[in-house]
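Below is one structure, written out as structure tokens; the observations come after it.
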């Protein structure tokens with residue numbers, strides 16, 4: 001049996017990302033690409049047919065919310081390592097407002113997505129039910 005202490009450890013190195021906020025993807029491109037940063041968009045050897053099918057399943061207000069949410073998630077990961085980046089913070093605040101507006105509009109016209117949306121829902125003063133309105137797979141994406 002070999003001695004574990006005799007084995008050398010691997011050391012990972014991840015270079016510090018330098019973001020160019022004048023050249024970032026739109027929410028739609030970001031969700032489709034898996035990043036808001038074009039310089040991080042590296043191929044996974046997916047076929048063009050698979051790419052088309054992956055992004056074609058949902059349209060409309062829910063997709064807008066998903067795209068904006070993904071954009072915010074990716075920007076949050078960037079801010080975890082660059083907390084003082086003023087341009088990134090400004091972009092974060094802009095997209096937080098956008099997502100809040102999208103979710104509020106959806107809650108008023110369709111149904112409540114989260115408990116934080118209950119006050120915006122049309123029937124919030126009469127009932128509290130997640131089941132009000134169709135589920136996403138029942139046609140809300142269209």
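The values are calculated or read from the model by the stated rules, or taken from the named source; none is laboratory data. This is a predicted model, so every value here is computed, not measured. Reconstructed Cβ throughout: ideal geometry from the backbone, glycine too, with neighbour counts over all protein chains shown.
Would you pick out the residues in region 90-118 that are in a helix (DSSP H, G or I) and over 16 Å from the mean Cα position of the chain (by Cα)? If the condition is that a residue be in a helix (DSSP H, G or I) and over 16 Å from the mean Cα position of the chain (by Cα), then 90, 104, 105, 106, 107, 108, 109, 115, 116, 117, 118 are the ones that fit. What number of residues within region 65-89 satisfy the criterion of being without any contact (Cβ under 8 Å) to a residue 24 or more places away in the chain and part of a helix (DSSP H, G or I)? Qualifying residue count, region 65-89: 7. Go through region 89-120 and give me each residue that's farther than 17 Å from residue 67 by Cα and at pLDDT 95 or above. Across region 89-120, the qualifying residues are 89, 90. Summed over region 80-102, the residues that are more than 19 Å from residue 26 (Cβ to Cβ) and touching a helix residue (DSSP H, G or I) at 6+ places or on another chain (Cβ under 8 Å) give a count of 3.
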